1. Provide the per-residue ³J(HN,Hα) series for segment 78-93, in order, calculated from phi with Karplus coefficients 6.51, -1.76, 1.60 and θ = phi - 60°, each as a whole number of Hz, with x at glycine and proline positions.
2. What does the charge dipole of segment 4-270 about its Cα centre add up to, to the nearest 20 debye, if the Cβ of each Lys and Arg holds +1 and the Cβ of each Asp and Glu holds -1?
3. Please name which of 301, 281, 270 has its Cα lying farthest along the dipole of segment 270-311 towards the positive end, using unit charges on Cβ (Lys, Arg +1; Asp, Glu -1) and the Cα centre as origin.
4. Taking only DSSP H segments of four or more residues, each worth -39500 (n - 2.57), what value at 222 nm results for the chain once the sum is divided by all its residues, to the nearest 500 deg cm²/dmol?
5. Using 0.36 nm per residue of separation minus the Cα-Cα distance, give me the extension gain between residue 182 and residue 7 in nm, one decimal.
6. Through the Karplus equation 6.51 cos²θ - 1.76 cosθ + 1.60, θ set to phi - 60°, convert the phi angles of segment 320-327 into ³J(HN,Hα) values in whole Hz; use x for Gly and Pro.
7. Once label points are set 7 Å from the Cα along Cα→Cβ at both residue 226 and residue 45, what is their separation, rounded to one decimal in nm?
8. Please rank 48, 229, 254, fewest neighbouring Cβ atoms within 10 Å first, as an exposure proxy.
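Rule-based calculations on the coordinates, nothing more; no lab input. Here the structure is a predicted model, which means the values were calculated and not measured. Glycine gets a Cβ as well: all are built from the backbone with ideal geometry, and neighbour counts include every protein chain shown.
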Amino acid sequence: MAPIRFELIRTDGAARLGRIRTARGDVETPAFMPVATQGSVKSLSPSDLRAAGAQIVLANTYHLSLRPGHGLVRELGGLHRFMGWDGPILTDSGGFQVFSLTKLRKVSEEGVEFRSHVDGSLHFLAPETCVEIQQALGVDIIHPLDECLAQPATPTDTERSLALTLRWLARSVAAHRKGDGSQALFGIVQGGIDEDLRRRAVEATVALGLDGYAIGGLAVGEPTERMYDITALVAHLLPQDHPRYLMGVGKPHDLVEAVARGVDLFDCVMPTRNARNGQVFTGDGPLTISHARYARDPAPLEAGCPCEGCRGFSRAYLRHLFMARELLAYRLLSLHNVTFYLGLMAAMRGALAAGGFRAFRSRFLDRYGVESQDGSPDSTRDTEA
């Protein structure tokens, strides 16, 4: 029996309403995965996540292998027990984090040699090792080691990188088949912004008959419209009866646009990382709580938001906490942002179920806009949440 099963419930254009069935519970899609990089969504407990509406979380193979070590996690009963989360967990391969080290790593056919960002110690990550680490963690959905190129990249480098990623994928599949069959393996479709390479990547990856498919190598410097075009192309080519995961893309309007192009799963560090920098997401666009305009503002962060921060506190109080560097500020702002993201996904699922996604998309983008309410910048991918 397959470790996961995807059910396509309804479509609206390319947008999809679905369900991923796992041994630890169902995931209604489209869904956002809060990022628990080191086994924790920063400042939030598992009960906070459940209250916010989280169904599944993402953890990071690279970080957990270095600290506390996957052997220790296995010894203590696996990552679910270790972090106190009883729902599904997806791990990425750590490839993005390793390749972001730049000067601290060396790539070869066998894998990647790198120095730890923690203590400078030397490590080697092979495709087989990457699978073994995730098996030790005992999570539900795992990913193969891949090479993630920053953009812009030359056509020669992109083609070379894709060929290496596909060879590593074949080795990862072989290693995965030696496991107990309890974990789903997703393939990662690379190929930069070259449409022909992306087509080649989809064909080679799908031929291996994996449990789901991730779209990697985006939100790494390419123009936004190009990211949308590649997302639409790859999603269209992937099988209808398997989940599709867009890695690391997470601005709210990008989530809506990617759902419109056929994506089911998302992750991004933005809700928590931006909260720690004082940026709050609302339906009218992001705001920066440190701005003086909020010093006497008695309103909640967003009217109608069910999070603890909005139910109990004003913008003025939360600004005071943030300016005083009180730890409660980071927790409440993070909880609000995660609640906003998960609420956005729930709203999209509701619109899809009612056959009104196109109208929802138009209303959301008209109201949210792309720019901040107060001119503050936002950002996406990083090596840690």
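1. Values per residue, Gly and Pro as x: x, 5, 4, 5, 4, 9, x, 10, 9, x, x, 10, 10, 10, 7, 6 Hz.
2. Dipole about the Cα centre, nearest 20: 420 debye.
3. Farthest towards the positive end: 270.
4. On the way: 15 runs with 157 residues, N = 385.
When only DSSP H runs of four or more count, the value is -12000 deg cm²/dmol.
5. Values: separation 175, 0.36 × 175 = 63.00 nm, distance 1.88 nm.
Working it through step by step, the gained length comes to 61.1 nm.
6. In residue order, the calculated couplings are 4, 4, 5, 5, 8, 6, 6, 4 Hz.
7. Going by the 7 Å Cα→Cβ label model, 4.6 nm.
8. On the way: 48 19, 229 16, 254 23.
Result, fewest neighbours first: 229, 48, 254.
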